[in-house]
Every structure is written in C-alpha cells, then in structure tokens.
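The values are calculated or read from the model by the stated rules, or taken from the named source; none is laboratory data. What you see is a predicted model; the values in this text were computed from it and never measured. Don't worry about glycine lacking a Cβ; one is built from the backbone with ideal geometry, like all the others, and counts go over all protein chains shown. Protein only, heavy atoms only, side chains kept; ligands, DNA and RNA dropped before computing areas. Shrake-Rupley method; radii C 1.70, N 1.55, O 1.52, S 1.80 Å.
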Amino acid sequence: MKKYSYVGISFIILIFGIIFIPKIVNRVKETSIVSNDRMSAENPVTNEKLSYIKLNEEPKKVPEFAFLNQDSLLITNHDFKGKVYIAEFFFTSCPTICPKMTSNLVYLQDKLKEEEGFGVASFTINPKFDTPGRLKKYAERYKVTNPDWHFLTGDRERIYDLANTGFNIYAAENPEVPGGFEHNGYFALIDKKGFIRSRYDASGNPIIYYRGTIGVDEKMDENGEEEQITILLEDIKKLLKEDE
C-alpha cells in the first residue's frame, strides 16, 4: 500500500508543477516588470542639472594649457575663466569631418551671439602647418565673429597630450587616412569654473562628449547616430545661467 501511496503523491506533485509553476513564474516576471517600471518612474533621467565628468571620483577639470591664437596672442585656460566654452580638436586642411564641425560651431556662435559668456577653443592637431596666419584665414573663411573663439596652435606634443590625456579625445597622425591625421569629432563642454560637463543619456549615464559631426538639419548620420548640436545648445544655455 505504501508503494501506491508514494506513486499517488508523486503524481499529484507532478500535476501541481505542470499547472501552477508556470503561473508562479509568470507572476514573478510581472512583478519584476512592475517594480522596474516603478523604479524608472521614481528615478527619472533628468537633464535639468548637467553631470560632472569624473576621474577617480573627482570632477574633472580642464588641464592647464597655453597656446598662440589666430592673432598670435598667448591664450591660456585662465582666459576662459567665467565663460562657458566648447573645446575641440581639428586641423584646417582636414578634408573630412572638420568642415562640418566648424560649421556646427558657427551655428552655435550665431545662436548665442547675444551671450557674452560663450567661447570656443579650437586646438589644431597639425600645428606645423597651422600657423596663426593660416588659422586667421580659416576663421575668416567661416565668418567667425565671436571674440572668445580662439584657434590655437603651438607645441605638437603638448597639444596631443592635451587631447589624448587631458580630454581623452583621440588624436593622432596617420598617413594612411585622408588628410594625414585622424581624430573623433567630439565637442567637450566646459563650465565657468573649468569643469567638463555633460547631460545624461536615457540610462542615466553622462554622455561625456557631444557629437560635432552631424548638423541640425541632418537629424542623423548614415550609422543612425542622432545629431547632438540641438541638445548642446540647450546645455550651453543652462550652464550660462549657473551662478547667476
């Protein structure tokens, strides 16, 4: 009799598992989804206050620099104190992304022409060719009118150290690519105190840098990357209002 009792109990357990376990699992899944949705609703991603880019848990400041601008004037990071500015790395003979980057910066310049506290630091990665005179002609060609937009040239090693170590924005010589130099077309946004700032992405992480190679009118590039000049303009305005 005991043998048949064990068989009966096993059969009941098997039936219970077939009928009820999937329902329990589904319920757990549904509870998790609701919980996740609640967490998202209670902790929404906000870009009202921009993120500080951190290194070793400390807000990252722009390193010290000193280079000549298009007027052969010595410009340092201290000349941008109290201003919100964009830093970029480019070169005047660039046949690929630089013209688009410069055009996007001119767009921002024109949109912010009433703002005295906005500037741009454009560091050439081909300083041997890009003399102050060539930088001056480049600025004139693109109708640069902002007095705080400085095209900077100087010691090659210091410029590359500033790009690759100071900002972690890649720049290098490469004779195999068009123009002989390669770099990613990022814009760094710096606040009035010299800290690198950015907004958050949809997951709540700082985007760190803004894409400078896609225009507002394009919306996105062939890889599906969306333009970020619109949000960059919004974030510049936010930083301009800080400490007012």
Give segment 172-189 a look and list any residue that's farther than 21 Å from SER51 by Cβ and assigned to a strand (DSSP E or B), or say none. ALA172, GLU173, PHE181, GLU182, HIS183
Spot the failing condition for THR230; the list is (1) open to solvent by 30 Å² or more (accessible area, probe 1.4 Å); (2) touching a residue at least 24 places away in the same chain (Cβ under 8 Å); (3) closer than 21 Å to GLY117 by Cβ, and only one is missed. (2)
Test each condition in (1) touching a helix residue (DSSP H, G or I) at 6+ places or on another chain (Cβ under 9 Å); (2) open to solvent by less than 20 Å² (accessible area, probe 1.4 Å); (3) under 15 Å from ILE86 (Cα atoms) for GLU115 and report the one that comes out false. (2)
Are any of the residues in segment 161-175 crowded, with 21+ Cβ neighbours inside 10 Å, among the β-branched types (Val, Ile, Thr) and farther than 26 Å from LYS111 by Cα? no
Candidate set: segment 57-92, residues that are in contact (Cβ under 8 Å) with a residue 24 or more places away in the chain and hydroxyl-bearing (Ser, Thr, Tyr); chosen: the one farthest from ASN164 (Cα to Cα): SER72
